[in-house]
Amino acid sequence: MTSNPLLNDWSTPFELPPFAEIRPEHFSQAFDTAMTKARAEINAIADNTDAPTFENTIEALEKSGELLSRAARTFYNLTGAHTNAELQAIERDMAPKFAKHGSETFQNEALYQRIATLWEQRDSLALDEERARVLERYHTMFQRAGAGLDAEGKTRMADISQRLASIGTQFAQNILKDEADYKLVLESDEDLAGLPDFLVAAAAEAAKDRGLEGKYVITLSRSSIEPFLQFSSNRPLRETAFKAWSSRGEGDNETDNRDIVAETIDLRAEKAHLLGFDSFAHFKLDDTMAKTPEAVRDLLTKVWTPALKQAKAEEEKLSEMVRSEGGNFKIAPWDWRHYAEKVRKAEYDLDEAELKPYLQLDKIIEAAFDTATRLFGLSFEEKHGLPVYHPDVRVFEVKDRGGNHVGLFLGDYFARASKRSGAWMSAFRTQHRLNGDVSPIIVNVLNFSKGAPGEATLLTFDDARTLFHEFGHGLHGLLSNVTYPIISGTGVARDFVELPSQLYEHWLSQPEVLSRFAVHYKTGEPMPKTLLDKLLAAENFNQGFATVEYTACALVDLEMHLLDTGKGLDISDYERKTLAAMDMPDAITMRHRVPHFAHAFAGDGYSAGYYSYMWSEVMDADAFGAFEEKGDIFDKETAEKLYKHIYSAGGRPDPEETYKAFRGRGPKIDALLQKRGLAA
């Protein structure tokens with residue numbers, strides 16, 4: 001027993017981290033101790049004089065480093081969702097140390113030889129499907145980390161990994177600082193012109209949080225800035241807000257990320273070349289469903305061409321609306337959302353201000369839970385008084401049909417300065433059966449604008465879709481049913497991982513769900529059928545814009561990672577020229593411009609992989625058709641197949657084969673184009 005809670009057994013309910021006892025300084029000590037322990041465990045496996053077996057090598061590796069993993073999960077969940085200057089300093093210090101620790105493991109020659117021997121003997125080992133997959137993952141990981149290189153190559157690979165870890169951390173912290181530091185303060189009636197009551201209330205709450213009571217603040221959180229751009233009739237203020245949002249990481253100051261991006265591109269290209277690949281994109285895609293840059297470009301181009309045509313037609317409608325109001329200016333990026341809202345109102349008699357009172361956060365959470373109950377038999381019971389890292393975090397115990405404990409689900413829904421932007425799913429603990437039956441502790445982190453005290457938090461329909469998306473990821477973690485941690489839950493190919501999340505979004509748009517949970521926050525009355533019908537009729541409105549802003553990111557991400565070098569690369573100029581070559585409309589910007597493209601440059605999670613959302617969407621659009629063809633969106637037989645082959649299987653099966661096992665065939669792109677309203 002030590003005074004450091006990160007090094008002790010946790011006697012908290014459900015073995016949640018004892019957040020109230022953990023101080024920032026505990027992490028450095030815990031990492032040093034746990035890393036030393038993990039290194040000793042790994043060295044013991046490598047130096048074992050017995051002939052390698054699955055149990056004494058692969059399974060032993062799966063069991064090693066448990067103390068380090070537990071501390072790291074706690075730490076990195078905090079640095080994403082509720083950080084501070086002390087945690088950020090530790091994060092910068094630890095990034096190269098974790099990378100070095102990883103390199104020392106993956107480049108351990110004796111350890112690699114044990115794995116390679118097992119790989120060569122795999123056909124004679126009588127491994128079941130799961131063990132065979134785990135062995136394949138270890139062999140692939142070691143090779144991709146440079147285990148087969150000579151001594152000089154290994155040294156360089158280790159240096160590259162450490163440097164990439166450091167600058168990836170800095171990239172993320174720079175964005176967070178730009179977002180936390182910015183506030184657009186609104187005071188006069190002119191400043192507030194056009195803003196609906198719900199946005200004024202949220203802006204007042206944001207101002208209060210920043211010590212500006214009596215004023216109104218728009219932040220760079222998407223749930224604040226996007227409604228402002230949508231509703232504000234003050235064009236100069238829209239321009240000011242949009243430029244601040246769009247130029248994160250590009251401020252010619254200490255948080256400017258452009259040099260970091262250039263260095264990242266250069267180091268990644270060098271890493272790929274060391275491993276024998278033509279480019280980093282070739283390296284990254286080799287371990288995905290897509291396999292090649294050509295396959296990715298082919299998919300994106302098939303979507304880009306009709307989306308671009310649609311976006312140009314949409315822009316003309318926006319220009320007509322400007323002219324009808326007496327305006328004499330070309331549509332700019334800060335105008336698009338504003339005039340799109342007006343066109344939607346004119347064409348569908350529908351506007352966000354009319355919808356939002358029916359989209360309460362609590363009811364949308366209830367809808368997401370109810371959908372999981374009807375599909376998978378899960379129940380959710382909110383637990384109070386459990387350890388949490390912030391008072392806003394809610395905790396739910398999840399049980400199966402038989403009332404057995406499945407796991408814990410944590411919901412962290414509100415924007416704050418200590419939280420990075422965006423929305424994500426993570427885990428404080430993943431499911432596995434290697435040391436008994438270990439249940440998952442899953443968290444969804446989002447950035448909604450909090451309602452005023454005592455008032456409901458109201459969402460846009462896009463916000464509600466994001467909640468369903470992240471809960472789909474959450475279910476992928478909660479329903480995992482595997483033995484080995486490496487393939488638990490979301491431990492799947494990057495271009496498969498978005499299938500469970502994007503597929504789950506489909507249920508939100510179903511009248512059977514909306515008619516029950518879209519109820520007015522004051523009266524409790526359900527959304528009128530006329531409004532529901534208008535919402536569903538307008539579902540593909542502005543899809544040209546949405547598809548272009550996303551696909552532009554995916555294409556730029558791919559092209560940047562096909563470069564041979566990043567030396568001398570002017571990031572802003574490269575972005576501008578690449579988009580021009582694609583015929584990107586001036587009125588639309590990338591959803592994530594390169595200097596704040598965290599998916600690609602805050603670590604390498606989605607680097608050369610942002611296309612994954614579209615790749616998965618081909619599958620999810622087609623997969624939901626399995627329910628539609630049955631005439632029942634909760635069909636029990638189809639839901640059981642969905643559970644078995646998609647949500648519970650983790651990384652055990654081949655992703656292409658498991659999709660076919662669920663759907664009965666491979667996916668077709670036609671469903672995606674139809675879903676987005678882009679079919680010819």
**Asked** When you scan the range 11-45, how many residues do you find that are buried (at least 16 other Cβ atoms within 10 Å of the Cβ), of a type outside the set (A, V, I, L, M, F, W, C) and touching a strand residue (DSSP E or B) at 6+ places or on another chain (Cβ under 8 Å)?
**Response** 2
**Message:** Of the residues Asn48, Asn8, only one is out of contact with any strand residue (DSSP E or B) (no Cβ under 6 Å at 6 or more places or on another chain), surrounded by 16 or more Cβ atoms within 10 Å (Cβ to Cβ) and at pLDDT 95 or above; which?
**Reply:** Asn48
**Request:** Go through the range 252-303 and count every residue that is within 16 Å of Met614 (Cβ to Cβ), free of Cβ contacts under 8 Å to residues at least 40 places away in the same chain and either in contact with a Ser or Thr (Cβ under 7 Å, 6 or more places away or on another chain) or not basic (Lys, Arg) (or both).
**Result:** 5
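Go through the range 231-241 and give me each residue that's assigned to a helix (DSSP H, G or I) and either open to solvent by 10 Å² or more (accessible area, probe 1.4 Å) or touching a strand residue (DSSP E or B) at 6+ places or on another chain (Cβ under 9 Å) (or both). Walk me through how you get there before you give the answer.
Step one: filter the range 231-241 for residues assigned to a helix (DSSP H, G or I), giving 231, 235-241.
Passing the criteria: Phe231, Arg235, Pro236, Leu237, Glu239, Thr240, Ala241.
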**Asked** Restricting the first residue to the range 653-669 and requiring it to be free of Cβ contacts under 8 Å to residues at least 24 places away in the same chain, which pairs with a second residue that is small (Gly, Ala, Ser) and crowded, with 20+ Cβ neighbours inside 10 Å meet a Cβ separation below 7 Å and a spacing of at least six or different chains?
**Response** Thr658/Ala649
**Asked** Restricting the search to the range 203-225, which residues are touching a Phe, Trp or Tyr at 6+ places or on another chain (Cβ under 9 Å) and of a type outside the set (Val, Ile, Thr)?
**Response** Ala203, Ala204, Ala206, Ala207, Leu220, Ser221, Arg222, Ser223
**Complete:** The condition from (1) surrounded by 17 or more Cβ atoms within 10 Å (Cβ to Cβ); (2) at pLDDT 95 or above that Ser124 misses is numbered (1)
**Prompt:** Residue check: is Gln162 open to solvent by 40 Å² or more (accessible area, probe 1.4 Å), farther than 25 Å from Ile58 by Cβ and part of a helix (DSSP H, G or I)?
**Reply:** yes
**Asked** Checking Gly677 against (1) open to solvent by less than 30 Å² (accessible area, probe 1.4 Å); (2) small (Gly, Ala, Ser); (3) closer than 20 Å to Asn540 by Cα, which test does it fail?
**Response** (1)
**Message:** Which pairs turn up if I take residues in the range 30-41 that are of a type outside the set (A, V, I, L, M, F, W, C) and look for partners that are not in a helix (DSSP H, G or I) with beta carbon separation below 7 Å, at least 6 apart in sequence or on another chain?
**Reply:** Glu41/Ser64; Glu41/Gly65
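Go through the range 569-603 and give me each residue that's outside any loop (DSSP other than H, G, I, E, B), over 19 Å from Trp424 (Cβ atoms) and open to solvent by 10 Å² or more (accessible area, probe 1.4 Å).
Looking only at the range 569-603, we keep the residues that are outside any loop (DSSP other than H, G, I, E, B), and these are 571-581, 594-596, 598-601.
Right, trim to over 19 Å from Trp424 (Cβ atoms) and you get 571-581, 594-595.
Ser572, Asp573, Tyr574, Glu575, Arg576, Lys577, Thr578, Leu579, Ala580, Ala581 - these are the residues of the range 569-603 that are outside any loop (DSSP other than H, G, I, E, B), over 19 Å from Trp424 (Cβ atoms) and open to solvent by 10 Å² or more (accessible area, probe 1.4 Å).
Here's the yes/no breakdown for (1) within 20 Å of Gln170 (Cα to Cα); (2) part of a loop (DSSP other than H, G, I, E, B); (3) modelled with pLDDT of 95 or more:
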residue: Ser223; (1), (2), (3): no, no, no
residue: Arg248; (1), (2), (3): yes, yes, yes
residue: Lys284; (1), (2), (3): no, no, yes
residue: Ala290; (1), (2), (3): no, yes, yes
residue: Glu294; (1), (2), (3): no, no, yes
residue: Glu314; (1), (2), (3): no, no, yes
**Item:** Of the criteria (1) within 22 Å of Thr288 (Cα to Cα); (2) touching a Gly at 6+ places or on another chain (Cβ under 9 Å), which one Pro440 fails
**Value:** (1)
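Taking the options Tyr550, Tyr606, name whichever one is surrounded by 18 or more Cβ atoms within 10 Å (Cβ to Cβ) and under 18 Å from Ile265 (Cα atoms).
Numbers: Tyr550 fails: under 18 Å from Ile265 (Cα atoms).
Just one listed residue meets the conditions, Tyr606.
Could you please find all residues in the range 79-95 being out of contact with any Asp or Glu (no Cβ under 9 Å at 6 or more places or on another chain) and open to solvent by less than 20 Å² (accessible area, probe 1.4 Å)? Don't jump to the end; show me each part of the working.
Taking the range 79-95 and keeping what is out of contact with any Asp or Glu (no Cβ under 9 Å at 6 or more places or on another chain), we get 80, 84-85, 87-89, 91-95.
Passing the criteria: Gly80, Leu87, Met94, Ala95.
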**Asked** What about Pro13, is it modelled with pLDDT of 95 or more, over 17 Å from Phe98 (Cα atoms) and in contact with a helix residue (DSSP H, G or I) (Cβ under 8 Å, 6 or more places away or on another chain)?
**Response** no
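Among the basic types (Lys, Arg) and within 29 Å of the chain's Cα centre (by Cα): which single residue out of Arg156, Arg222 fits that description? Even if it seems obvious, please write down each step before you answer.
Numbers: Arg156 fails: within 29 Å of the chain's Cα centre (by Cα).
Selected residue: Arg222, the only one of Arg156, Arg222 that is among the basic types (Lys, Arg) and within 29 Å of the chain's Cα centre (by Cα).
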**Request:** Would you point out the residue of the range 409-437, among those that are free of Cβ contacts under 8 Å to residues at least 40 places away in the same chain and not in a loop (DSSP other than H, G, I, E, B), that is surrounded by the fewest Cβ atoms within 10 Å (Cβ to Cβ)?
**Result:** Gly436
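Across the range 614-639, what is the total count of residues that are among the β-branched types (Val, Ile, Thr), part of a helix (DSSP H, G or I) and modelled with pLDDT of 95 or more?
Keep residues of the range 614-639 that are among the β-branched types (Val, Ile, Thr), which gives 618, 633, 638.
Filter once more, keeping what is part of a helix (DSSP H, G or I): 618, 638.
So of that shortlist, the ones also modelled with pLDDT of 95 or more come out as 638.
Looking only at that region, the number is 1.
Report yes if Ala207 is within 22 Å of Ala417 (Cβ to Cβ), touching a residue at least 40 places away in the same chain (Cβ under 8 Å) and not in a loop (DSSP other than H, G, I, E, B), otherwise no.
Details: within 22 Å of Ala417 (Cβ to Cβ): yes; touching a residue at least 40 places away in the same chain (Cβ under 8 Å): no; not in a loop (DSSP other than H, G, I, E, B): yes.
Against the criterion (within 22 Å of Ala417 (Cβ to Cβ), touching a residue at least 40 places away in the same chain (Cβ under 8 Å) and not in a loop (DSSP other than H, G, I, E, B)), Ala207 does not qualify.
Just name the residue that is farthest from the chain's Cα centre (by Cα) out of those in the range 495-543 that are among the acidic types (Asp, Glu) and in a helix (DSSP H, G or I). Walk me through it before giving the result.
Within the range 495-543, the first condition is being among the acidic types (Asp, Glu), and the residues that meet it are 495, 498, 505, 512, 525, 533, 539.
Checking the rest, the ones that are also in a helix (DSSP H, G or I) come to 495, 498, 505, 512, 533.
Details: Asp495: 12, Glu498: 9, Glu505: 14, Glu512: 27, Asp533: 30 Å.
Here the residue is Asp533.
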**Request:** Would you mind finding the one in Ser188, Ser223 that is crowded, with 22+ Cβ neighbours inside 10 Å and out of contact with any His (no Cβ under 7 Å at 6 or more places or on another chain)?
**Result:** Ser223
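Out of Phe277, Phe171, Phe228, which single residue is open to solvent by 30 Å² or more (accessible area, probe 1.4 Å) and hydrophobic (A, V, I, L, M, F, W, C)?
Numbers: Phe171 fails: open to solvent by 30 Å² or more (accessible area, probe 1.4 Å); Phe228 fails: open to solvent by 30 Å² or more (accessible area, probe 1.4 Å).
Answer to the selection: Phe277.
The values are calculated or read from the model by the stated rules, or taken from the named source; none is laboratory data. From a predicted model like this one, the values you see are computed outputs, not experimental measurements. Glycine gets a Cβ as well: all are built from the backbone with ideal geometry, and neighbour counts include every protein chain shown. Just so you know, the surface numbers come from the protein's heavy atoms only, side chains and all, with ligands and any DNA or RNA stripped out. Shrake-Rupley method; radii C 1.70, N 1.55, O 1.52, S 1.80 Å.
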